[in-house]
Amino acid sequence: MMNQTIDLLEHAEALDDYWAPRVVGQVNDQYIKVAKLKGAFTWHQHDDEDELFLVLKGCLHIEFEHETIELNQGAFFVVPRGTPHKPVAHEECLIALIETVTTKHTGDVESP
């Protein structure tokens, strides 16, 4: 057994690119990813997987069809599968994501 601790915030702070999650760990069939966000992402959905957003630093808004939720540092939210959503970070925001290894970054939406 490997004894290794992972500092999510440290890994997220080391990222250079926005909206480019990096895998930092795996639990069974779930990836633990970190990402640096700023600006608005594309509307998308994951038809077969839930997606967990955990804010490590800053503030993240997740827009839905009829509402927007605000997540501050330390808060998390699970977007249910099949739910169209659009993450928005008005200022730089560092997050962790937990999602299955099969989850596509933007669902079925084509985006760079």
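Give Lys104, Lys33, Lys38 a once-over and let me know the one that is surrounded by fewer than 16 Cβ atoms within 10 Å (Cβ to Cβ) and at pLDDT 95 or above. Only one candidate qualifies: Lys38.
Looking at the stretch 53-70, can you tell me whether even one residue there is of a type in the set (S, T, N, Q), in contact with a strand residue (DSSP E or B) (Cβ under 7 Å, 6 or more places away or on another chain) and modelled with pLDDT of 95 or more? Write out each step before concluding.
So in the stretch 53-70, the residues of a type in the set (S, T, N, Q) come out as 68.
In the following step, the residues that additionally are in contact with a strand residue (DSSP E or B) (Cβ under 7 Å, 6 or more places away or on another chain) were identified as 68.
After this cut, where a residue has to be modelled with pLDDT of 95 or more as well, the list is 68.
Yes, the stretch 53-70 has at least one match.
Out of the strands (runs of 3 or more DSSP E) lying entirely within the stretch 2-63, which hold 1 or more residues that are touching a Ser or Thr at 6+ places or on another chain (Cβ under 9 Å) and either hydroxyl-bearing (Ser, Thr, Tyr) or without any contact (Cβ under 8 Å) to a residue 60 or more places away in the chain (or both)? Don't jump to the end; show me each part of the working.
Working: elements: 22-27, 30-40, 51-57, 59-63.
Fully inside the stretch 2-63 and qualifying: 30-40, 51-57, 59-63.
Please go through the stretch 9-21 and pick out each residue that is surrounded by fewer than 18 Cβ atoms within 10 Å (Cβ to Cβ), touching a strand residue (DSSP E or B) at 6+ places or on another chain (Cβ under 6 Å) and not hydroxyl-bearing (Ser, Thr, Tyr).
Applying the first criterion (surrounded by fewer than 18 Cβ atoms within 10 Å (Cβ to Cβ)) to the stretch 9-21 yields 9-10, 13-18, 20.
When the remaining residues are screened for being touching a strand residue (DSSP E or B) at 6+ places or on another chain (Cβ under 6 Å), the result is 9, 15, 18.
Passing the criteria: Leu9, Leu15.
Is at least one residue of the stretch 45-58 over 14 Å from the mean Cα position of the chain (by Cα), open to solvent by less than 50 Å² (accessible area, probe 1.4 Å) and not charged (D, E, K, R)? Checked the stretch 45-58: no residue is over 14 Å from the mean Cα position of the chain (by Cα), open to solvent by less than 50 Å² (accessible area, probe 1.4 Å) and not charged (D, E, K, R). Right, Glu70: in a strand (DSSP E or B) and open to solvent by 30 Å² or more (accessible area, probe 1.4 Å) or not? The answer is yes for Glu70.
Select from the stretch 73-84 the residues that are within 26 Å of Leu9 (Cβ to Cβ) and either in contact with a helix residue (DSSP H, G or I) (Cβ under 7 Å, 6 or more places away or on another chain) or not aliphatic (A, V, I, L, M) (or both) and write down the one among them that is surrounded by the fewest Cβ atoms within 10 Å (Cβ to Cβ). Steps first, please.
First pass over the stretch 73-84, keeping only residues within 26 Å of Leu9 (Cβ to Cβ): 73-79.
Cutting the leftovers down to either in contact with a helix residue (DSSP H, G or I) (Cβ under 7 Å, 6 or more places away or on another chain) or not aliphatic (A, V, I, L, M) (or both) gives us 73-74, 76-77.
Working: Gln73: 14, Gly74: 9, Phe76: 14, Phe77: 15.
The selected residue is Gly74.
The values are calculated or read from the model by the stated rules, or taken from the named source; none is laboratory data. Since the model is a prediction, treat every value here as computed from it, not as a measurement. All Cβ positions, glycine included, derive from the backbone under ideal geometry; neighbour counts span all protein chains shown. Each accessible area value is taken on the protein alone, full model and side chains, heavy atoms only, with ligands, DNA and RNA left out. Shrake-Rupley method; radii C 1.70, N 1.55, O 1.52, S 1.80 Å.
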